[in-house]
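Right, one structure below, let's go through it.
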Amino acid sequence: MAHMTTNTTKRIDSLARYHLLGRSGLRVSPLALGTMTFGTEWGWGSPKETAHRLLARYLEAGGNFLDTADGYTGGTSEEFIGDYFAKQGGRDSAVIATKFTINTIPGDPNAGGNGRKNIHRALEASLRRLKTDYVDLYWLHAWDGITPLEEVMQTLTDLVSAGKIRYLGLSDVPAWYFARAQTLAERQGWERVVALQLEYSLLERNIEREHIPAALELGASITPWSPLGSGMLSGKYTREGLTAKGEGRLPAIQGGGNPGLEKLFTERNWRIVDTLLEVSRELDRSPAQVALAWVARRPGVASTIIGATKLEQLEANLHALDVELPPAQAARLEAASRPELVHPYIFFEDTFYSGGMFSGGTSIRAEPTWFRPAAR
Ligand SMILES: NC(=O)c1ccc[n+]([C@@H]2O[C@H](COP(=O)([O-])OP(=O)(O)OC[C@H]3O[C@@H](n4cnc5c(N)ncnc54)[C@H](OP(=O)(O)O)[C@@H]3O)[C@@H](O)[C@H]2O)c1
């Protein structure tokens, strides 16, 4: 019998401890490598040589899960990944995830969105750039608000049957859309959704209201994106008013008018960064490591999609799961970053239950709810 030889000296044990993705048989490392920064087209990414070094180190350390998209850096991100495996081999050991939805041919209405025509077009183009004949996990990149859900799910189910994709996931969708997709999949015998990809970090916790409970209930995993708030939680920026000053992506993107990025620069977020800096000093760890350790252990999270443009950043981030968060420090991060309690979730708080409003004074709630992390 042939034995698999592995270089264990450079392995990071906490990274090479694989998780199942949703209710599936797919094993992924708890930190995925985000490759939106592969390519310099957007002004804040890495050239090919650096991207390949990052990829090599991630795989060597025991990571197996790569996240890209057809729209990243105009297709360069996928090309870099394809070139790497064409040269180095090992493609079958990697779990390669890519996405469709973003229009890549201006002026062509069917070269974007989630209709069948675009899904097939996008997948063929991704396979060519990735130099492979299958994608391990195919993500709907974002809800287009138009295409019937049945068309999306049936198309993806057919692609699994055709052997072109192994699993499917939904990124940036409303929770109701995922819940309907999963419930219909169970009833219709379609392929189930194995994961949701959503923004999640100490700065952005809104998915705790609907998406995480839905994922836990319906057997999908969460794979957070921008776990460092595009680098804000690395602690390397100083503030000037509400904007960020220093070397890195944030100064390059701020003021660019993208609402998803402009929302970072608030008083509240800078206060969260201040708390994170205090906690990381106390723990003698970098702020990035503490922020990643926090998100990677949240309920429902199977694999956190990290980003890095430098080898030193990647190396530090890959050790994030070695960081333990003692209760006192976890409570401070919780207090600083807890999302506002709004209707109707305010009714599901413990005070209502322990106050006897629903229970009549009896103890009927065996477990604290997932959205009260301080009680965990
Ligand atoms: N589905 C979606 O809609 C969606 C959206 C966004 C991202 N994503 C996925 O999520 C991945 C990660 O997103 P992201 O890059 O925004 O993640 P992030 O973790 O929030 O930001 C990563 C950036 O922070 C800086 N950084 C990282 N580690 C650092 C460290 N230790 N010290 C100092 N700076 C550090 C680097 O930027 P600089 O070196 O430039 O400062 C790095 O590129 C993407 O690659 C993509 O795969 C998905």
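Please treat every number below as a calculation from the coordinates, not as lab data. As the structure is a prediction and not an experimental result, all values here were calculated from the model. Using ideal geometry, Cβ is built from the backbone for each residue, glycine included, and neighbour counts are taken over all protein chains shown.
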Original post:
Which percent, to the nearest 5, of DSSP beta bridges fully inside the chain are antiparallel?
Top reply: 20
**OP:** Averaged over every viewing direction, what's the projected area of the C-alpha convex hull for the chain? Give it in nm², one decimal, please.
**Re:** 21.1
Original post:
Taking amide hydrogens as modeled 1.01 Å from N in the peptide plane, which residues meet the under 5 Å criterion relative to residue 135, leaving out close sequence neighbours?
Top reply: 165, 166
Subject >> Helix-only [θ]222 nm of the chain, DSSP H runs n ≥ 4, -39500 (n - 2.57) each, per residue, nearest 500 >> reply: -11000 deg cm²/dmol
Subject >> Highest to lowest packing among 257-266, 273-282, scored as the average C-beta count within 10 Å >> reply: 273-282, 257-266
Subject >> Highest to lowest packing among 61-67, 334-340, scored as the average C-beta count within 10 Å >> reply: 61-67, 334-340
Subject >> For region 211-337, alpha-carbon Rg and Dmax in angstrom >> reply: 14.8, 44
**OP:** Express the relative contact order of region 19-335 as a whole percentage, based on alpha carbon pairs under 8 Å and six or more residues apart in sequence.
**Re:** 18
Subject >> Too-long pairs where the Cα-Cα distance tops 20 Å, listed order kept, from 10/236; 131/310; 48/263; 10/131; 48/310; 99/131 >> reply: 10/236; 131/310; 48/263; 10/131
**OP:** Run the dipole for the chain about the Cα centre, Lys and Arg Cβ at +1, Asp and Glu Cβ at -1, nothing else charged, and hand back the magnitude in debye, nearest 20.
**Re:** 400
**OP:** Kindly work out what percent of the DSSP beta bridges joining two residues of region 1-140 are antiparallel, to the nearest 5.
**Re:** 15
**OP:** Mind jotting down the distance between the C-alpha centroids of region 103-150 and region 257-328, whole Å?
**Re:** 31
Original post:
Farthest toward the dipole's positive end in region 97-222, which of 178, 167, 188, given Cβ charges of +1 (Lys, Arg) and -1 (Asp, Glu) about the Cα centre?
Top reply: 167
Original post:
What list of ³J(HN,Hα) values in whole Hz, one per residue of region 32-39 in order, does the Karplus curve 6.51 cos²θ - 1.76 cosθ + 1.60 (θ = phi - 60°) give from phi, with Gly and Pro shown as x?
Top reply: 9, 9, x, 10, 4, 9, 7, x
